[in-house]
Amino acid sequence: MIQRRAQVLGSGKGRIFQCRALLRECAAVMTLRVFISSFLLLFVLSCGSPSAKQENRTYKIGYMICNSEQETLLRFRPLTAYLSKKMGVPFEAIAIDTVDFTRQVDELDFTHTNSLLYVIMNRNHGVEILAAEESGSLGARAKGLIITLKNSGIRTVKDLKGKSMVFGPVLGPTSYMAQLDVLLSNGIDPENDLSFYAIPPGSYKHEKVIYGVLFGKFDAGAAPLLDFERMVKDGRIDGNDFLVVAEGEPIPYCNFGVTQKVDDSFAKRFKQVLLNLKKGDTVEIDGEVVNVLDRAQIDGYTDVQDKDFDAVREMAKRTNMPPYQRF
Amino acid sequence: MLMLTCVPIADACVGKTLYIGAIDSAEGQVLSAILVTIISERTGTTVNTRYYKNARELYDAVSAKQVDMLIENTARAMRIINKPPEGDLQRTYETVKSTYEKYRGLIWFKPFGFLNGGGEGQSYTAPVLKVEVLNNFPALPRVVGKLAGTINDDTYARLIKSFESGEKAQKVARDFLKSKKLI
């Protein structure tokens, strides 16, 4: 357009002024062009950005059911409401059974699971770790115990040979896998060396395991340290009645992960809100002001790296658990 | 082979309830009751059985994600994968095992032990489970594996006779599993 305008301008003395005028016009047109291009570029980028799209929708957080669907939602709906308030976008809490999680993960934005489910979803679905939960004496770590009654006569893992045992949920790293790992590493194959073993049906499996041992239904049980501690603290059991025969290695506790659907910057903000969460932070839900961490039964969130889960991966390999199962 | 290769590997169909697919016959009812009982008693998982008139309906149900595991024998499996019968039972078993896993994501477990079930002549019969079921229920290989070699031809005949003389499949299954100290 500028070239075409130069041909139209005349010649002679007035040409200098005309040239100056032309240069000024060129600069103005260039500025306008850069401005329009930049505007269009920003407009296109902002329309295509996942974060812009995601800001207008409800984010789904899948919470692994620990004891029951009702209990899980009771614990985590306030945290979900708190995240909505802090992030300025709506979040929805969805309680999901452990055995259904990998089937539903692709419909979620964030995941709240145990360390084994994270390892499975990280490998098979690209879920990335954000933060680990802190609770109980080990903070952000968890540990599986093999417990028996003090008067059982069982003192070591090898004493379990010929005895019966009850395990918790199979996809629970500290309710099944850690204890299986301890047994196998001590030369006890549950299939051949235990007289019998089983997993209780229904909800609250960890408690059923501990009560199953307390009431003598089984000689030994596989329970997470945290659940054992909570039952002692609540006065439901007397810790002095039990003997801890063995402990699994400490591994990361429950954690938040992010799926591939979520934009990085949004995930970072989500993580920061979790890390900043303090005792005493409240949220209003169903007309009630609720302490977020107390209701969730946790002490806070801490940073955690994917490599922290390598111990879980190695344990899963040793015990032929997913995502490394071989048939 | 065509039947297996044309059907894409199914997405996970695992819910909180597992479904066993079985042919509606004395053998299907008794063996599925044994699987239902041992899995539910040992792993706390709810398991139900869905019966089908024939193998075609059963495999359609597997493809439609209505079934998580089934009971199959190697003779029928060879027909399904369009392979000629082999004289060597172990080689037949290895053939169907590898083909089912590769093309359909179905894992053959070790055979129950009897050779003359289901009117198929000499053939192994075994539980067959979907891979995604095993991923979500990782205790199943250990628990279902306990049934390997537990039913010889005499035991099989006795179990079927008990059922055909009027005992319920669930009772036949429980009595059998208790006698083996499996529940």
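The values are calculated or read from the model by the stated rules, or taken from the named source; none is laboratory data. Remember, predicted model here, so these are calculated numbers, not experimental data. Methodologically, a virtual Cβ is constructed for each residue, glycine included, from the backbone with ideal geometry; neighbour enumeration extends over all protein chains shown.
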Problem set entry | Filter pass, A:Gly212 being at pLDDT 95 or above, in a helix (DSSP H, G or I) and closer than 11 Å to A:Met165 by Cα | yes
Exercise. If you check A:Gly202 against the conditions, is it surrounded by fewer than 24 Cβ atoms within 10 Å (Cβ to Cβ), more than 12 Å from every other protein chain (Cβ to nearest Cβ), not basic (Lys, Arg) and not in a helix (DSSP H, G or I)?
Worked result: no
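Yes/no matrix, rows are residues, columns are (1) assigned to a helix (DSSP H, G or I); (2) within 14 Å of the chain's Cα centre (by Cα); (3) in contact (Cβ under 8 Å) with a residue 12 or more places away in the chain:
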| position | (1), (2), (3) |
| --- | --- |
| A:Leu117 | yes, yes, yes |
| A:Ala131 | no, yes, yes |
| A:Ser137 | no, no, yes |
| A:Gly162 | no, no, yes |
| A:Gly187 | no, no, yes |
Exercise. Where residues in the stretch B:127-168 are in contact (Cβ under 8 Å) with a residue 24 or more places away in the chain, surrounded by 20 or more Cβ atoms within 10 Å (Cβ to Cβ) and outside any helix (DSSP H, G or I), which of them is farthest from the other protein chains (Cβ to nearest Cβ)?
Worked result: B:Ile151
Problem set entry | Condition broken by A:Ile94, with the remaining ones in (1) touching a residue at least 60 places away in the same chain (Cβ under 8 Å); (2) farther than 26 Å from A:Glu247 by Cβ; (3) in contact with a Phe, Trp or Tyr (Cβ under 9 Å, 6 or more places away or on another chain) satisfied | (1)
Exercise. Any residue in the stretch B:97-118 that is within 14 Å of chain A (Cβ to nearest Cβ) and touching a Cys at 6+ places or on another chain (Cβ under 9 Å)?
Worked result: no
For this session: Inspect the stretch A:149-157 for any residue being of a type in the set (Val, Ile, Thr) and within 14 Å of chain B (Cβ to nearest Cβ) and give the result as yes or no.
Result: no
Problem set entry | Residues located in the stretch B:37-52, provided they are of a type in the set (Val, Ile, Thr) and either more than 10 Å from chain A (Cβ to nearest Cβ) or in contact with a Lys or Arg (Cβ under 7 Å, 6 or more places away or on another chain) (or both) | B:Thr37, B:Ile38, B:Ile39, B:Thr46, B:Val47, B:Thr49
Exercise. Is it fair to say B:Lys102 is out of contact with any Gly (no Cβ under 8 Å at 6 or more places or on another chain), closer than 26 Å to A:Asp100 by Cα and either without any contact (Cβ under 8 Å) to a residue 60 or more places away in the chain or part of a loop (DSSP other than H, G, I, E, B) (or both)?
Worked result: yes
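Okay, residues lined up against (1) closer than 30 Å to B:Lys130 by Cα; (2) hydrophobic (A, V, I, L, M, F, W, C); (3) modelled with pLDDT under 95:
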position: A:Leu226; (1), (2), (3): no, yes, yes
position: A:Phe266; (1), (2), (3): no, yes, no
position: A:Phe270; (1), (2), (3): no, yes, no
position: A:Lys278; (1), (2), (3): no, no, no
position: A:Asn291; (1), (2), (3): no, no, no
position: A:Gly300; (1), (2), (3): no, no, no
position: A:Asp303; (1), (2), (3): no, no, no
position: A:Asp306; (1), (2), (3): yes, no, no
position: A:Pro323; (1), (2), (3): yes, no, no
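Return the only residue of A:Val170, A:Val166 being within 26 Å of A:Asp238 (Cβ to Cβ) and either within 13 Å of the chain's Cα centre (by Cα) or within 14 Å of chain B (Cβ to nearest Cβ) (or both). Full working, then the answer.
Numbers: A:Val170 fails: within 26 Å of A:Asp238 (Cβ to Cβ).
None of the other options fit; the residue is A:Val166.
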